[in-house]
Amino acid sequence: MKGLAALVLAASCGLWACDDDPEEGNSSDQSPAYDELAVADDPELALPPRNTLLSAGEKRAAFVSRLRQQYGEAAARYALQVVDNGKRIRDSPGKQAHLYDRLRGQLREQFPRIEPPRLFGFFDEPWEAEHVTMLYTARERVLTRARNDHIDLPITFIVAALCNEGRSLDQYPSDGTSGFNDYGLDTFGAEFNDIVARGYLPQSFDGRFMTTKRVNERGHEVSSANFRSKMDAFEAFIATLAHRQYLFLEDLRKNHIPRGELREDIVLFFTYKYFNGGPDSAEGLLKNGSANGIERFFDRTITYSSTGNAYVVLAGHLWLERSGAFDPAPTADRYWWARP
């Protein structure tokens, strides 16, 4: 798992979609037009040829119609709401005071020496709605299969984890299919059968990727995967997160530590630690620990290795969550940017 430990203390603007001036939104000059993105495998879902004269409104209507047909009404409606939220946050007069001074300030106080990653620029342009529809759909599939294991993966956590592993959200929806380079799925080829055994992916998913041998940062050869599409990669990524959370919960059970005694943010923290550092990255802590001992470890805010990366991801998740960026029904009494 790659991770971005080097960014624990200094978030990179190139990856985190942040700006030199936090009051300035991301430039849309490089954003692809609707007709460049609305190309589906099914010709009936694609837009008219590029030489067809369409107004901006017609292009948008065609793009939205394709999202609804390809991913479903619920996914498209949610994605469009998220992008609208992102635009309103980006353009809100109180962004500096609320988003940065207050919310980011709270996270810096909670996690000393951790710089919360700035992820808001990935979801404030219309074309980025397709990423949200894919994430929404993939998450629904995996969590439906994993319901008996009580797996909980908020979409904001998934987004933060994705951004800490690669640049998939920086690329067009048709790009980003390398499990090793884009998703930190270094061992997916070896882990796939275990994920299928838990029921988080169907056996038929083996036709949606090809295994590939790679060398990880420790110099070890690993069995990763290249995926047929970004949608497949997203589903594999979320299923792997779910499996790592299952392994953490199983370790709690084996060591007689009740899950109910741990806060959900701590469960998410260890979910990513297990993903980024491997299932054995907290073995000693759990064997000799208790819920109180785990909480004391969490409160130390270690800034290196998979532990430091887990704080970065958790901080990114909490910033997105508390801002309301992914709220499907934002209200003015909860968020400054939703006020008239």
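The values are calculated or read from the model by the stated rules, or taken from the named source; none is laboratory data. Quantities reported herein were computed from a predicted structural model and do not represent experimental measurements. Note that each Cβ is placed from the backbone with ideal geometry, even for glycine, and that neighbours are counted across all protein chains shown.
Table for the structure above
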read-out: Count of the stretch 141-175 residues which are more than 19 Å from residue 215 (Cα to Cα), modelled with pLDDT under 95 and surrounded by 20 or more Cβ atoms within 10 Å (Cβ to Cβ); value: 3
read-out: Pick from the stretch 91-116, criterion in a helix (DSSP H, G or I) and of a type in the set (Asp, Glu), ranking: surrounded by the most Cβ atoms within 10 Å (Cβ to Cβ); value: 101
read-out: Those residues of the stretch 211-255 which are within 15 Å of residue 189 (Cβ to Cβ), assigned to a helix (DSSP H, G or I) and among the aromatic types (Phe, Trp, Tyr), in sequence order; value: 237
read-out: Pairs where the first residue, in the stretch 238-265, is closer than 24 Å to residue 137 by Cα and free of Cβ contacts under 8 Å to residues at least 60 places away in the same chain and the second is surrounded by 15 or more Cβ atoms within 10 Å (Cβ to Cβ) and among the charged types (D, E, K, R), C-beta under 9 Å, 6+ apart; value: 240/191; 243/191; 243/198; 244/273
read-out: Cβ pairs under 7 Å, 6+ apart, first in the stretch 312-340 and within 14 Å of residue 158 (Cβ to Cβ), second in a helix (DSSP H, G or I) and among the small types (Gly, Ala, Ser); value: 313/160; 313/161; 316/160; 317/160; 320/160; 325/86
read-out: Among the residues listed as 129, 79, 138, 75, the single one being modelled with pLDDT of 95 or more, crowded, with 21+ Cβ neighbours inside 10 Å and in contact with a Lys or Arg (Cβ under 9 Å, 6 or more places away or on another chain); value: 75
read-out: Cβ-Cβ under 6 Å pairs, at least 6 apart or on other chains, the stretch 52-67 side free of Cβ contacts under 8 Å to residues at least 40 places away in the same chain, far side surrounded by 14 or more Cβ atoms within 10 Å (Cβ to Cβ) and assigned to a loop (DSSP other than H, G, I, E, B); value: 62/47; 66/38
read-out: Residues of the stretch 165-192 satisfying the condition of being farther than 15 Å from residue 135 by Cβ and part of a helix (DSSP H, G or I); value: 179, 180, 181, 188, 189, 190, 191, 192
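Every residue, every condition in (1) touching a helix residue (DSSP H, G or I) at 6+ places or on another chain (Cβ under 8 Å); (2) assigned to a helix (DSSP H, G or I); (3) β-branched (Val, Ile, Thr), yes or no:
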| position | (1), (2), (3) |
| --- | --- |
| 270 | yes, yes, no |
| 273 | yes, yes, no |
| 276 | yes, yes, no |
| 281 | yes, no, no |
| 297 | yes, yes, no |
| 303 | yes, no, yes |
| 309 | yes, yes, no |
